[in-house]
Amino acid sequence: MSLRTRIAVTFLLLLSAVLAAALAVVSAANRANAEREVNRQLDVGASVFSRLLESNRSLLTQAAQAVAADFGFREAVAVRDVPTLESALENAGDRVGAQLVVLTSLDGKVMAAYGSSAVVGSRFAAASGASAGADAPVRVIVDAGRVFQLVTVAVKSPLPVAWISMGFALDDRATRELASVTGLDVTLAYRGADGLRTVSSSLPARESGAAERVSRRIALSDLGGVEVTATLSRSLRAALAPFARLTEVLVFIAVFSVAAFAWAAFWLARTITRPVQALTQAVDRIRGGDYGAPLDVRRPDELGVLADGLQHMQAAVQNRDRSIRRLAYEDPLTSLMNRTAFAEQLAAALRDPAAPPMAVAMINLQRFQRINEHLGYSVGDAVLIRVAARLRAVPWIGSGVARLAADQFAAYAPLPPGTDPETWGRALLAAFSEPVVVENQPIDINTTVGLVVATSVPQGVPPSPDELLRCAELALVRARRDKRDLCLYGESLRPAARDQLSLLGELRRAVDGDELRLHYQPKIELATGRVAGAEVLLRWQHPTRGLLGPGAFVPFAEQTGFIRRITRWTLDRAVAQGAEWYRSGCALSLAVNISAEDLGDLGLLQRVAHSLSRHQLPPSLLTLEITESGFIDDPDRALKLLEGLAALGLNLSVDDFGTGYSSLSHLARMPVHEMKIDRSFVVGLQSQGEYAAVVRSAIDMGHSLGLKVVAEGIEDAASAAMLKSLGCDVAQGYFYAKPMAPDDFAQWLKGQIRIPVIAVPRNFNIDDVGDSMSLAVL
């Protein structure tokens, strides 16, 4: 709505409000006068109605007394001649127009009746009331759904011997007569057990709406719990009819005034708002993005000042528009694109039919949070700025770099024909081969890269930016899970990702529904062949996928943090099983794996102690296996937790030794009792000679630190013999036994008190292994 229209409409609304108020006052006064007149008429009508009822009462009383005084009638009453009595009652009623005549005994039983539903011998309610009252009382009763005005007099001979009741029917004819006498509408009704029921009414059939009438309610009787009322009413609309002409004249004057004033108001508004329209047109041009539009308003008044202000505002809006666009599409810290701008620019590049295949990379900075925590956020910001500069310098990228999150970047580049995508990925990694220097302090930056090429997205799915970023992130997750620095997206990742997400959603139900199972694989002393203990291995008895190994769900439980709940379940069940075997006379040491996530759980120590105490298992029969990677994020906190576990009397073991990223200094500080050589080295003993040197060095180092050395993954006798000759203490693998359920393991254990000692082949020479391999390779 324009300003001109608003001005005119405002004046019109004010005038209309005044006229409406005047009409409302006049209408209210008219209505009040009409209501007063109607109430006066109701007062008069109520008085007339009462007089009519009193007149009827007198007439009925005289007629009833005449019948009661008749000698022949009294003789018929004395001998109870019912036919004579009924004939006399009918004649008496016809003489005065009474529709109801009933003769009752003194105890209220009907002796004869005319016009009533009462039968001889039944009780008549009006007569029972008369026996306790004065002569000829006025009553209104309901008989068979009809309302009667009734009087009751005594039949004396000379003492009362009976009662005679005579009444007029208050039906439609009576109602119309009452209405014609009073000048009001009359409605007769009674309320019984089934609710309110209207007997007769003089209201017009078309009349509706109680708000249109003023009424007066008169209670006539309440005999026997049946309330009889008469309602006198008058139509308020009819009472207002004399004032309708005055109202019509006032409405006509109001409409004419509004029309005349509307023309004057619009003319005045047009004169005032003409220069404002020019300013409005200028604003419309500015709103459309035309910030160079000139303003033609030159006035010395307030509108001229407004025009000058608008010109200054136009320049300011133009500057702010540039700033907003920059904030909407740029990362304010690194000046790189944000996710929105990256997606738009990548979509434009993908639409070019002549462009070579497009590669998209997702780059994650490892442990960037520790830089913020230990060096401060200002240093972290400086690192991000330098990371952005290095990414821009990678070949073929140019401006196709974006920062998606705090430590996550994305880049895309058209790959020239014949270029391997992994070559470009290695170029991204090479950009961080040198430390980032901030405030003269070198900071090593480790990155993980997930790659995808537009031609490798799933078939049937167009290469949209969202799809490419999703695939690159899947590759990034796989690279982090496999502890690699680079992973190229392949079709095999897509169903795996969907399957893993489904498994993650079912893990909670698996724990609550007791779908997890524990299997046990024995550990054998190589020197004696005795069973040294068993490792507890987790399985999932999935209702539809069958028995799943830990590799199918544990890595993803570690990523979501759900691994802690799984560890609590595994520990408690393993301790309970070990305690059961211990009480049966089999003191078997059980080894349970603890993930790196569990080392960050502050409640782990308390839960382990509580479980041992609750199941009464000696702590020396429980071994917790930890991986070296558990020390990377917070070595001090992990060491403190291990010291607490060792203080309980548990055995601690370093699992998968040789595959982690920690230094040997961590191993020397750990309060561990044994170390496990990873199966990848054991499997390669026979095929790769250098692995034998690595295993030999690991065994010697473990023994020098006072640790028991365990080798896992033994699958043949030759590997067992070689490990024994190298001095390994304990072996574990399919060569001895596969992981078994508790009952199967108990049966196997009964027949395996001692495992045969593996003989060392005669032609095996430990010196052939050599000791040139340095411990540094570990």
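How many nm is it between the label spots at Arg51 and Val249, if each spot is 7 Å from the Cα in line with the beta carbon?
3.7
Helix 689-704 versus the longest principal axis of the chain: what angle, 0 to 90°, nearest 10, using Cα atoms?
80
How many nm separate the modelled label positions at Ala28 and Leu705, each set 7 Å beyond the Cα in the direction of the Cβ?
Going from the Ala28 label point to the Leu705 one covers 9.6 nm.
Quick one: if you stick a label point 7 Å off each Cα along the C-beta vector at Arg484 and Arg426, how many nm between them?
Each label point is offset 7 Å from its Cα along the Cβ direction, giving 1.4 nm.
Given Ala427, Gln408, Ile397, which one lies farthest toward the positive end of the charge dipole of the stretch 396-451, if we put +1 on the Cβ of every Lys and Arg and -1 on the Cβ of every Asp and Glu?
In the stretch 396-451, that residue is Ile397.
Would you compute, from DSSP H runs of 4+ residues alone, the mean residue ellipticity of the chain at 222 nm, taking -39500 (n - 2.57) per run and dividing by the full residue count, rounded to the nearest 500?
Taking each H run of at least 4 residues, the total per residue is -16000 deg cm²/dmol.
Given the convex hull over the Cα atoms of the stretch 339-489, what projected area results after averaging over all orientations, in nm²?
9.0
Sorted by accessible area with a 1.4 angstrom probe, largest first, how do Thr231, Thr104, Thr84 fall?
If we order Thr231, Thr104, Thr84 from most to least accessible, we get Thr84, Thr231, Thr104.
Ignoring ligands and nucleic acids, what accessible area does Ser257 show with a 1.4 Å probe (Å², nearest 10)?
Per-residue accessible area (Ser257): approximately 40 Å².
Residues of the stretch 238-271 with backbone nitrogen within less than 19 Å of a virtual label 7 Å along the Cα-to-Cβ line of Arg6, please, listed as ranges.
Taking a point 7 Å out along Cα→Cβ of Arg6, the residues of the stretch 238-271 whose backbone N falls under 19 Å are 265-271.
Computed FRET efficiency, Cβ-Cβ of Glu491 and Ser335, R0 35 Å: what is it to the nearest 0.05?
0.45
Taking Cα atoms, how many degrees apart are the long axis of helix 635-647 and the longest axis of the chain, rounded to 10 and kept between 0 and 90?
Taking Cα atoms only, the helix is inclined about 90 degrees.
Using a 1.4 Å probe over the heavy atoms of the protein chains, calculate the carbon and sulfur portion of the accessible area of the stretch 460-611 as a whole percent.
51
For the Cα atoms of the chain, what angle does the longest principal axis make with the long axis of helix 717-726, in degrees from 0 to 90, nearest 10?
70
Looking at this model, which pairs from Lys708/Lys738; Lys640/Lys750; Lys640/Lys724; Lys724/Lys750 are more than 28 angstrom apart at the alpha-carbon?
Checking Cα-Cα distances, Lys640/Lys750; Lys640/Lys724 exceed 28 Å.
In what order, largest first, do Trp748, Trp263 sit by accessible area if the probe radius is 1.4 Å?
Solvent-accessible surface, decreasing: Trp263, Trp748.
Rounded to the nearest whole Å², what accessible area per residue is found for the stretch 1-84 with the 1.4 Å probe?
59
Return the inverse of the average 1/r over all pairs of distinct C-alpha atoms in the chain, which is the Kirkwood hydrodynamic radius, in Å to one decimal.
It works out to 38.9 Å.
Hey, any idea what % of the stretch 312-442's accessible area is carbon plus sulfur with a 1.4 Å probe?
Carbon and sulfur together cover 53 percent of it.
Sort all Cα-Cα distances of the stretch 1-94 into consecutive 5 angstrom bins from zero, then give the percent of pairs in each bin up to the one containing the longest distance.
3, 10, 10, 9, 6, 6, 6, 5, 5, 5, 5, 5, 4, 4, 4, 4, 3, 3, 2, 1, 0
For Asp290 and Phe256, compute 0.36 nm times the residue count separating them, minus their Cα-Cα distance, and round to one decimal in nm.
Answer, rounded to one decimal: 7.6 nm.
Rounding to the nearest 20 debye, state how big the charge dipole of the chain is about its Cα centre with +1 on each Lys and Arg Cβ and -1 on each Asp and Glu Cβ.
Around 2280 debye, computed over the chain.
With every protein chain left in place, what is the accessible area per residue of the stretch 550-627 in square angstrom, probe 1.4 Å?
Ligands and nucleic acids excluded, the figure is 42 Å² per residue.
Over the stretch 339-489, average the accessible area per residue using a 1.4 Å probe and give it in Å², no decimals.
47
Determine the order of Arg679, Arg245 by accessible area, beginning with the largest, at a probe radius of 1.4 Å.
Largest to smallest exposure gives the sequence Arg245, Arg679.
Please calculate the 1.4 Å probe accessible area of Thr152, with all protein chains present, and give it to the nearest 10 Å².
Accessible area of Thr152: about 0 Å².
Taking 8 Å as the Cα distance limit and 6 or more residues as the minimum spacing, I'd like the relative contact order of the chain as a percentage.
Normalised by residue count, the contact order of the chain is 7 percent.
How much length is gained if the chain between Cys586 and Glu344 is pulled fully straight, taking 0.36 nm per residue apart and subtracting their Cα-Cα distance, in nm to one decimal?
Full extension of this stretch gives 80.4 nm more.
By DSSP, what percent of the beta bridges with both residues in the chain are antiparallel, rounded to the nearest 5?
Taking every DSSP beta bridge with both residues in the chain, the antiparallel ones total about 75 percent.
Calculate, in nm to one decimal, what Arg614 and Ser180 gain on full extension: separation in residues at 0.36 nm each, minus their alpha carbon distance.
My answer for the length gained is 146.3 nm.
The values are calculated or read from the model by the stated rules, or taken from the named source; none is laboratory data. Bear in mind that the values here come from a model prediction, so they are computed numbers and not experimental data. Here the Cβ is made from the backbone with ideal geometry for all residues, glycine too, and neighbour counts use every protein chain on show. We work out accessible area using only protein heavy atoms, side chains counted, and drop any ligands, DNA or RNA first. Shrake-Rupley method; radii C 1.70, N 1.55, O 1.52, S 1.80 Å.
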